Structures are given as C-alpha cells and as structure tokens.
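**Student:** The structure's right below; bear with me while I get my questions together.
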Amino acid sequence: MFGRSLYAVFAVLVLATACGGGGQGGDASVVDKAKNDKKLVIGVKADQPGLGLRTPDGTFTGFDIEVATYVAKQLGVEPDGITFKETVSANREAFLEQGQVDLVVATYSITDARKQKVSFAGPYFVAGQDLLVRADDTALTGPETLNGKKLCSVAGSTPAQKVKTEYAKEVQLQEERTYSACVDRVLGGQLDALTTDNVILAGYAAQHAGKLKVVGKPFSTEKYGIGLKKDDTAGRKAVNDALEKMFADGSWAKALQASVGSSGFTVPQAPALERY
C-alpha cells in the first residue's frame, strides 16, 4: 500500500513538472508566460548610461530599457507588468537557464558559444569597439594612435588587450572594476582613453556632454541580441516580430536618439534581423 501511495505522489510530481505552469522554470514559451501572467522579468544592465541605468529612485532608463518595454508590450505585457532585474555580463546565461529572468536585454552580444546555452532574437543593434577620449583631444583618432598612451577598460574584459595586440603594442593598459571608474580617470586626466562598444561609450559621452567624445572609428562588430531560454522557438519568433515592428514604425530610431543622441552619436540604420 505504501509503495502504491509513493508511486502516486511521484506521478503527480512528474506531471506537475512536465506542465510547467507557464511560469519561470517551466518549459512554456515566453509567449505563453506573457499571455497568461501579463508579467515578465527582464534582465538589464544597471550601470550603463543611455543603455541600462538604474536611477536614484530605483527606475531604469536607457535604450535597452526602451527596447525591452516595446517588446514586452507587443507580447501583451504593459510597463507596470515588467520587473527589471539587474544582470551583469557573467550571469546572463545562468539567469535565463535558471528561469530567474524571462528575457535579457543587456548589451548582450550574439555569439556561437552563447547560442549553445540560450536563444537569441535580433540583433536589435550592431555596435563596434571604439574609443572615448576628452573632447579637446585631437591626437587620438583611432586605436593605432594609442602607442605611449594610457588606455582603460574593465577588469576581465578583452577590448583593451585587442588594442595592444592588434593596433598599438606600446599602449599602457589600465584596468578598473567599472566603466564609470574609467570615465572618471579619463575626465581627470590620469588616463587618456576608455575602450569598449561605441554605443556604451556614447552613453557616457552624453552624460558628460562637452567634456568627452567618441572617436567614431569602430574597429569590431558586436551584434546585440535579446536572450531567451534555449530552444524557445515561438518566443524567438515573437520577439523578432516585435523588433521588426519597432524598426518599421520609427520607435527604434526615436528611442536611440533620445538615449544617446546628445553625445553626437549618429543613429544608424536598423540592423537586419537574423532569424534562425
């Protein structure tokens, strides 16, 4: 009798797990979660002005936030149904795999390695590695002009090493824990430049208008995608459809201009979606 009861409990647990309930951690598509719950948890950056920044009152602003909000609305979720959760570069795949977030919109470059763990919609923006320098600096015009100069990037990232390896072997590399720390040292004159993706740099240039500028000579390609749980085919299609609409109705260009336009950053054409 005991064995039969135990089997019944086990069967119920298996059934409950298989159903997933359409919530986080289940196998349901983000489309079903949005439709049924009218809520989404979206992973974003919290420390990138113009892209994903947590303000003093706890709200989030920036281009990634605008993209996330537009996409969520197309899936049936109003702004008050969105919970923004801070992600950092190192935990984005884990948050999706564990169901801690439903989508990630966080300057998240699409790579083959990441596609082994998560799915991507997009790209919704194509960035390129560039340099941020003081506005009055006329000597630094590209990565090859950095020999003998002090270049900053964040600890654990590869952009600064790329400059040293491929463009300026005599550059002096300086690592800081955050981009904002690099920015402070460039503003203060202790360092000459900061390198990372151009649109991230444009956010800082907009924050310090008239004091900093982006050189405007990108030397790599980074395709930002929206991350979803692996193999959520329906979700990927729905998010791509939402992005296509955002490109077409002018909302995408408007959001980008409002977020980083004051830096002098030229709003490009919307990228071609890579559906797969």
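**Student:** How many residues does segment 97-137 hold that are in a helix (DSSP H, G or I), out of contact with any strand residue (DSSP E or B) (no Cβ under 8 Å at 6 or more places or on another chain) and charged (D, E, K, R)?
**Tutor:** Number of matching residues: 2.
**Student:** How many of the residues in segment 212-240 are in a helix (DSSP H, G or I) and surrounded by fewer than 16 Cβ atoms within 10 Å (Cβ to Cβ)?
**Tutor:** Qualifying residue count, segment 212-240: 3.
**Student:** Can you name the residue in segment 91-125 that is free of Cβ contacts under 8 Å to residues at least 60 places away in the same chain and of a type in the set (Gly, Ala, Ser) and, of all such residues, is surrounded by the fewest Cβ atoms within 10 Å (Cβ to Cβ)?
**Tutor:** Across segment 91-125, the extreme among qualifying residues is Ala113.
**Student:** Moving to a separate point now. Could you give me the residue pairs with C-beta distances under 6 Å whose first residue belongs to segment 72-84 and is small (Gly, Ala, Ser), whose second residue is open to solvent by 80 Å² or more (accessible area, probe 1.4 Å) wherever it lies, and which are 6+ apart or on separate chains?
**Tutor:** Gly76/Lys35; Gly81/Lys38; Gly81/Lys39
**Student:** Among the helices (runs of 4 or more DSSP H) contained in segment 1-92, which hold 3 or more residues that are aromatic (Phe, Trp, Tyr) and modelled with pLDDT under 90?
**Tutor:** The helices (runs of 4 or more DSSP H) meeting that bar are 2-19.
**Student:** Out of all the residues in segment 185-211, which are in a strand (DSSP E or B), open to solvent by 10 Å² or more (accessible area, probe 1.4 Å) and more than 18 Å from Lys45 (Cβ to Cβ)?
**Tutor:** Ala209, the sole residue that qualifies.
**Student:** Can you name every residue in segment 259-276 that is assigned to a loop (DSSP other than H, G, I, E, B) and either modelled with pLDDT of 80 or more or within 29 Å of Asp112 (Cβ to Cβ) (or both)?
**Tutor:** Within segment 259-276, Phe265, Thr266, Val267, Pro268, Gln269, Ala270, Pro271, Ala272, Leu273, Glu274, Arg275, Tyr276 meet the criteria.
The values are calculated or read from the model by the stated rules, or taken from the named source; none is laboratory data. All values derive from a computational prediction rather than experimental measurement. Cβ atoms come from the backbone with ideal geometry, glycine included; neighbour counts cover every protein chain shown. Side chains are part of the model used for accessible areas, which takes the heavy atoms of the whole protein and leaves out ligands, DNA and RNA. Shrake-Rupley method; radii C 1.70, N 1.55, O 1.52, S 1.80 Å.
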